[in-house]
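Peer 1: Before we start, here is the structure in question, set down as structure tokens.
The values are calculated or read from the model by the stated rules, or taken from the named source; none is laboratory data. None of the values given here were measured: they were computed from a predicted structure. Backbone-built Cβ (ideal geometry, glycine too); neighbour counts: all protein chains shown. Remember, those area values only see protein heavy atoms, side chains included, never the ligands or the DNA or RNA. Shrake-Rupley method; radii C 1.70, N 1.55, O 1.52, S 1.80 Å.
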Amino acid sequence: MTAVDVRADTRPTQGHRDNSRRKAILTMVGRRVLFIVPVIVVVSAGLFAAAAISPFDPLVGYLGTRYMTTSDADKALIADQMGFDNPWYSTYWNWLQGVFTGDLGISRSFNQPVSQVISERLPWTLLLVGISLLIAILASLALGVLAGIRSGGILDKTVSGLSVVVQGLPPFVLSLGAIALFALTLGWLPVAGLTDGGADPTPGQVIRHLVLPVTVLAISQMPWLLLAVRESVVGSKSEGFVAGAVARGIPTPTITKRHILPTSLAPFVNIVGVRLPELIVGAVLVEEVFSWPGIAGAIVSSARDLDMALLAFLTVGTTLTVMLGSLLADVLVAVLDPRVSTDG
């Protein structure tokens with residue numbers, strides 16, 4: 001009997017590849033989460049150090065109009081009581097201790113606990129940003145895919161041209177233009193605020209006042225997202241697998257849904273993550289123009305008055321949001337496209 005040399009198949013199975021990919025993604029998440037800690041420390045400490053050399057006097061913000069009528073002796077006493085003359089590292093250490101014990105301090109700008117300022121304003125910002133981002137994503141996907149599929153056509157030229165124009169307009173310019181047209185000229189929508197003067201914040205009132213700021217913020221974020229989808233679709237159209245699908249007579253909608261769109265999602269998600277800082281800046285500008293009672297007003301007031309208890313929390317919170325949002329985008333990209341590196 002002839003011996004048969006049976007050799008084990010050493011090629012990795014699909015399950016093994018999936019497990020390896022999952023492990024690589026989890027390793028990336030763990031490494032990035034650990035990296036967040038030193039970044040937050042550097043950002044927060046840097047903020048207190050910068051405030052110490054700032055030309056703005058926190059005593060002016062605290063006293064307001066009373067500053068000019070307050071005697072020098074009283075100013076010195078108040079500054080000592082409020083800790084304005086303490087070294088920045090001492091103030092920073094006291095703030096850190098408060099954060100770890102759950103005491104975020106009192107906001108001098110609003111004369112309220114920082115936790116109360118955040119809890120009252122954050123939901124309105126999340127509502128504005130959440131709806132705006134959802135609209136921007138859905139509209140960019142739809143228009144970007146259509147423009148890419150019909151590249152060179154009227155829709156593609158129109159959408160691409162408008163995107164270039166909107167890219168060059170800051171959100172506050174779009175806001176002022178929207179107010180001038182839809183609020184002042186046509187009178188269709190309210191100028192600003194959460195509700196009409198003296199009215200209760202009913203769903204109808206809030207929705208009506210939300211239309212303009214949501215639309216402006218969504219439009220301001222669409223150009224980069226839309227153009228990214230369009231470029232990905234145009235690139236995917238030239239791939240061999242798409243050409244093969246066309247040669248086999250597969251309908252265009254099916255090719256778009258099963259072949260072109262999936263390969264275009266990874267770059268799109270990556271762009272969403274990259275644009276998060278701009279989304280936050282845009283939200284601040286839009287909230288200020290429309291007097292929306294969100295976090296923007298708190299950021300401006302705390303920065304103007306050097307209200308460090310509130311400003312530090314908002315700065316750290318914004319930094320953390322951007323980093324976690326970027327991490328989530330990178331995880332989604334790695335899941336959608338196995339070819340993407342997971343940072344080694």
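Peer 1: Please identify, among LEU155, LEU327, LEU276, the residue showing maximal mean-square fluctuation in a Gaussian network model of the chain using a 10 angstrom Cα cutoff.
Peer 2: Comparing LEU155, LEU327, LEU276 in the GNM, the peak value goes to LEU155.
Peer 1: For the full complex of protein chains and a 1.4 angstrom probe, list ARG22, ARG121 by accessible area with the highest value first.
Peer 2: On the way: ARG22 130, ARG121 55 Å².
The most accessible residue leads, giving ARG22, ARG121.
Peer 1: Roughly what would the spin-label model give for ASP196 and ARG150, points 7 Å off Cα along C-beta, in nm?
Peer 2: Those two pseudo-labels are separated by 4.2 nm.
Peer 1: Quick one: Karplus J couplings for segment 181-188, per residue in order, coefficients 6.51, -1.76, 1.60, θ = phi - 60°, nearest Hz, x for Gly and Pro?
Peer 2: Each residue of segment 181-188 in turn: 7, 8, 9, 7, 7, 8, x, 6 Hz.
Peer 1: Grab the Cα-Cα distance for PHE172 and ASP80, subtract it from 0.36 nm times how many residues apart they are, and report the gain in nm with one decimal. Could the numbers behind the result be given before it?
Peer 2: Working: separation 92, 0.36 × 92 = 33.12 nm, distance 3.97 nm.
This chain segment gains 29.1 nm when fully extended.
Peer 1: On a 0 to 90° scale, report how tilted helix 72-82 is relative to the longest principal axis of the chain, with both axes built from alpha carbons and the result rounded to the nearest 10.
Peer 2: 40
Peer 1: Can you list the HN-Hα couplings for segment 133-140, worked out from phi with the Karplus curve (6.51, -1.76, 1.60; θ = phi - 60°), rounded to whole Hz and with x for Gly and Pro?
Peer 2: Working through the residues one at a time gives 5, 4, 5, 4, 5, 5, 5, 5 Hz.
Peer 1: Roll a 1.4 Å probe over the protein chains and send me the accessible area per residue for the chain in Å². Walk me through the numbers on the way to the answer.
Peer 2: Working: 19520 Å² over 344 residues.
Roughly 57 Å² per residue, with all protein chains present.
Peer 1: Return, for the Cα atoms of segment 66-116, the radius of gyration and Dmax in Å, separated by a comma.
Peer 2: 13.3, 39
Peer 1: Measure nothing fancy, just the Cα-based angle from helix 88-100's long axis to the longest principal axis of the chain, in degrees from 0 to 90, nearest 10.
Peer 2: Tilt of helix 88-100: around 60 degrees.
Peer 1: Based on the alpha carbon coordinates of segment 97-225, what radius of gyration and maximum Cα-Cα distance (Dmax) apply, in Å?
Peer 2: Calculated on Cα positions, Rg and Dmax stand at 19.2, 61 Å.
Peer 1: Here is a follow-up. Give, in nm to one decimal, the length gained when the segment between LEU162 and VAL206 is fully stretched (0.36 nm per residue of separation minus the Cα-Cα distance).
Peer 2: Working: separation 44, 0.36 × 44 = 15.84 nm, distance 2.95 nm.
Answer, rounded to one decimal: 12.9 nm.
Peer 1: Keeping all protein chains in the complex and leaving out DNA, RNA and ligands, what accessible area do you get for PHE110 with a 1.4 Å probe, in Å² to the nearest 10?
Peer 2: Rounded to the nearest 10, that gives 50 Å².
Peer 1: I need the semi-axes of the equivalent ellipsoid of the chain: take the C-alpha gyration tensor, multiply each eigenvalue by 5, square-root it, list largest first in whole angstrom. The partial results should precede the final answer.
Peer 2: Numbers: eigenvalues 456, 197, 45 Å².
So the three semi-axes of the chain are 48, 31, 15 Å.
Peer 1: Taking LYS237 as the anchor, which lysines have their alpha carbon closer than 30 Å to its alpha carbon, excluding any fewer than eight residues away along the same chain?
Peer 2: Qualifying lysines at Cα under 30 Å: LYS157, LYS257.
Peer 1: Now, a different point. Quick one: what are the phi-derived ³J(HN,Hα) couplings along segment 308-318, Karplus 6.51/-1.76/1.60 with θ = phi - 60°, whole Hz, x for glycine and proline?
Peer 2: Rounded to whole hertz, the list is 5, 4, 7, 4, 5, 5, 5, 5, 5, x, 5.
Peer 1: Using a Debye calculation, one point per C-alpha and no hydration shell, please list log10 I(q)/I(0) for segment 111-162 at q = 0.16, 0.18, 0.19 Å⁻¹ in order.
Peer 2: -0.59, -0.65, -0.69
Peer 1: Using only Cα atoms and rounding to the nearest 10 degrees, what angle (0 to 90) does helix 154-167 make with the longest principal axis of the chain?
Peer 2: So the inclination is approximately 30 degrees.
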